[in-house]
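To start, the structure under review is shown below, and the notes come after it.
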Amino acid sequence: MDEEVQLKNIKEFLQNYNKITDDCFSQCVYTLSQSRLTGEEALCASNCVQKSKFVDQKCMQAFIEHQQQSMQKIIEDSSQKQAEQEAAVVESNITDTENKEIVKQESTE
């Protein structure tokens, strides 16, 4: 199972890397006649990669916060349902006890 998760993570990383590379290349490289990037192209590519990393980090941070809020709500809802179930059991026990007392009183009369 761990191998599957690791392979999935590597695949996702490579897909993201390829997407960023393709996007930044398309946005920043203007001339293919030279073997090296121009200063402007290199700066553009560097800024593009940094911006992509920043956006990915912000998205991940927002996702984590959302997940934490969702989990907190699930925990709160679960606790509330458990409390309601416990209250219903207590109420049922009280009702059963009261009914037994009534039956007991009627049988002794």
Discussion item. For the ranges 39-47, 9-17, what's the packing order if you count other beta-carbon atoms within 10 Å of each residue, average per peptide, and put the highest first?
Written reply: 39-47, 9-17
Worksheet item: How many percent of the accessible area of the chain is carbon or sulfur, using a 1.4 Å probe?
Response: 55
Worksheet item: So how tilted is helix 39-108 from the main axis of the chain? Cα-based, degrees 0 to 90, rounded to 10.
Response: 10
Discussion item. I need the per residue convex hull volume for the stretch 1-76, using only the alpha carbons, in cubic angstrom as a whole number.
Written reply: 104
Practice prompt. Name the cysteines of the chain that stand alone by the Cβ rule: no other cysteine Cβ under 4.7 angstrom.
Written response: C59
Worksheet, complete the sentence: Those chymotrypsin sites (Phe, Trp or Tyr not before Pro) from the stretch 27-100 that are DSSP loop and have at most 16 other Cβ neighbours within 10 Å turn out to be Y30
Fill in: Per residue solvent-accessible surface (Å²) - the chain, probe of 1.4 Å
91
Worksheet item: Which of K11/K58; K11/K73; K51/K73; K11/K53; K19/K73; K11/K51 have a Cα-Cα distance over 25 Å?
Response: K11/K73; K51/K73; K19/K73
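The values are calculated or read from the model by the stated rules, or taken from the named source; none is laboratory data. From a predicted model like this one, the values you see are computed outputs, not experimental measurements. Ideal geometry is used to build each Cβ from the backbone, glycine not excepted, and the neighbour counts take in all protein chains shown. SASA here: full protein model, heavy atoms, side chains in, ligands and nucleic acids out. Shrake-Rupley method; radii C 1.70, N 1.55, O 1.52, S 1.80 Å.
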